Amino acid sequence: MKPVKKKKTEEPELEPLCCCEYIDRNGEKNHVAACLCDCQDLDEGCDRWLTCKSMQPETCERIMDTISDRLRIPWLRGAKKVNISIIPPLVLLPVFLHVASWHFLLGVLVLTSLPVLALWYYYLTHRRKEQTLFFLSLGLFSLGYMYYVFLREVVPKGQVGSTQLAVLTCGLLLILLALYRAKKNPGYLNNPASNDKSLSSSQIECLNKKGQEKTKGFPGADASSSLNNRTLKDDLKVSSRMVTGSPTKVKEDWCAKCQLVRPARAWHCRICGICVRRMDHHCVWINSCVGESNHQAFILALLIFLLTSVYGIMLTLDTICRDRSVFIALFYCPGVYTNYSSALSFTCVWYCVIITAGMAYIFLIQLINISYNVTEREVQQALRQKTGRRLLCGLIVDTGQYNRGFLRNWHQFSTLGTHSFPHPAEDIV
């Protein structure tokens, strides 16, 4: 009887899925064509919407979970799940830009509402500590759509040469390459399978030998206790507090969520759910943290984007507003709304200006932080604890903890991720 039962339970798992079939969140086989079938929450929501009745937040969450689970595209060996957060930018951005190109007042209304909506969605997802592909989709689609409008509306006018188009295209490709590099591992700390694996044998031996000498000054220290998992965690926490008082030594701290010892300047990202070496911040535009391994690529991507965007704006304004300087044409370009092609190009220019201004602010803050050798996470912590020195109305925050001078700070930043700095057990005990 047992072999028969094993065969019956294994047969459904071995059955291949067709391109339109998938395994839903309940572990059952489903079909893409049945995306609107057997959903009581969706039926209840539609009934309440038709009768103008309110829905409970739990019902809305279940409906969104069901929609995100059933939104799939046919693929080999089963339908692939599509993240629902990437869809709104693909639909709304072209619609908003085309509506804004109808009239000057509509353009002002739409272009001022877009940043407000983006900030509202950012604070909504940031408060819930959820990952979203909305901003990554918005950024990539904005690059592609702006390049498409440039090729379709600006290049045919004959004012852009082949060399200029090649430079702009190379800039776009370099942006994508830098973003791809910035999306890689930012310096995640390995999450060990057990607490014993998080420490090397040399660290355990050193903790065992020097534990009696280093913990005499701390109340409640038991030198005769065995090195079990709980004692190791307590010793590591005590040693972290010991080293905290000395900025010249390497400080380490115990992360209760990842169950590992994190080095100095590392932090646990609540959105990614993992600790990152020298964490700067969690960037929604790349849907990843900016840390020790990808900080340089992030700065490079910002720099290339700013140069390419400014160059594209100059080429577009020089084409649709001739015989005017770029700055004057940006605010005064008579007759631009008489032609729909020129109006769409002008609207896209202002959209690029808004995005470029925001990225330029981020780039400026990054340059200042690198010059003072502080991370954005350390800046926010210093502002909350009121331990940092604020300059230029708070634009510069100097914690003074890792600042070694302008040139040394930039040299350290240029060598991030190239050298591994081992932290022996002697430094933490």
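The values are calculated or read from the model by the stated rules, or taken from the named source; none is laboratory data. From a predicted model like this one, the values you see are computed outputs, not experimental measurements. All Cβ positions, glycine included, derive from the backbone under ideal geometry; neighbour counts span all protein chains shown. These area figures cover heavy atoms from the full protein model, side chains too; ligands, DNA and RNA do not enter into them. Shrake-Rupley method; radii C 1.70, N 1.55, O 1.52, S 1.80 Å.
Under 5 Å between amide hydrogens, which residues at least 5 positions from Cys289 or on another chain qualify, with H placed 1.01 Å from N in the peptide plane?
Those qualifying (amide H under 5 Å, at least 5 residues apart or on another chain) are Cys283.
How would Arg265, Arg404, Arg324 rank on accessible area, largest to smallest, probe 1.4 Å?
If we order Arg265, Arg404, Arg324 from most to least accessible, we get Arg404, Arg324, Arg265.
Suppose the chain between Ile73 and Cys46 were pulled fully straight at 0.36 nm per residue; how much longer would it get relative to their current alpha carbon spacing?
7.3 nm
For Lys80 paired with Val310, estimate the spin-label separation in nm (one decimal), with each label point 7 Å from Cα along the Cα-to-Cβ line.
The two pseudo-label positions are separated by 3.8 nm.
What distance in nm lies between label points placed 7 Å from Cα along the C-beta direction at Arg128 and Arg324?
4.3
Residue by residue through region 348-354, which ³J(HN,Hα) values in whole Hz follow from phi under the Karplus form 6.51 cos²θ - 1.76 cosθ + 1.60 (θ = phi - 60°), with glycine and proline marked x?
Per residue, the Karplus-derived 3J(HN,Hα) values read 5, 4, 5, 5, 5, 5, 5 Hz.
Sorting His98, His103 by accessible area (1.4 Å probe), largest first, what list results?
His103, His98
For His268, tell me the accessible area in Å² from a 1.4 Å probe, rounded to the nearest 10.
20
Taking R0 as 35 Å, what's the FRET efficiency between Ile354 and Gln401 from their Cβ-Cβ distance, rounded to 0.05?
0.45
Using a 1.4 Å probe and counting only protein heavy atoms, arrange Trp254, Trp350 so the residue with the most accessible area comes first.
Reading off the accessible areas and sorting them downward yields Trp350, Trp254.
Please give the FRET efficiency for Trp410 paired with Thr338, using the beta carbon to beta carbon distance and R0 = 60 Å, rounded to the nearest 0.05.
For Trp410 and Thr338, the calculated efficiency is 0.75.
Could you give each residue of region 156-173 its phi-based ³J(HN,Hα) in whole Hz, using Karplus coefficients 6.51, -1.76, 1.60 with θ = phi - 60°, and x for Gly or Pro?
Couplings: x, 6, x, 8, 9, x, 5, 5, 5, 5, 5, 5, 5, 5, 4, x, 5, 5 Hz.
For the residue pair Leu177 and Arg25, what label-to-label distance in nm results when each label sits 7 Å from Cα along the Cα-to-beta-carbon direction?
That separation, rounded to one decimal, is 4.1 nm.
Is there a pair in Lys80/Lys257; Lys184/Lys257; Lys81/Lys257; Lys129/Lys183 whose C-alpha atoms are over 21 Å apart, and which pairs would that be?
Beyond 21 Å: Lys80/Lys257; Lys184/Lys257; Lys81/Lys257.
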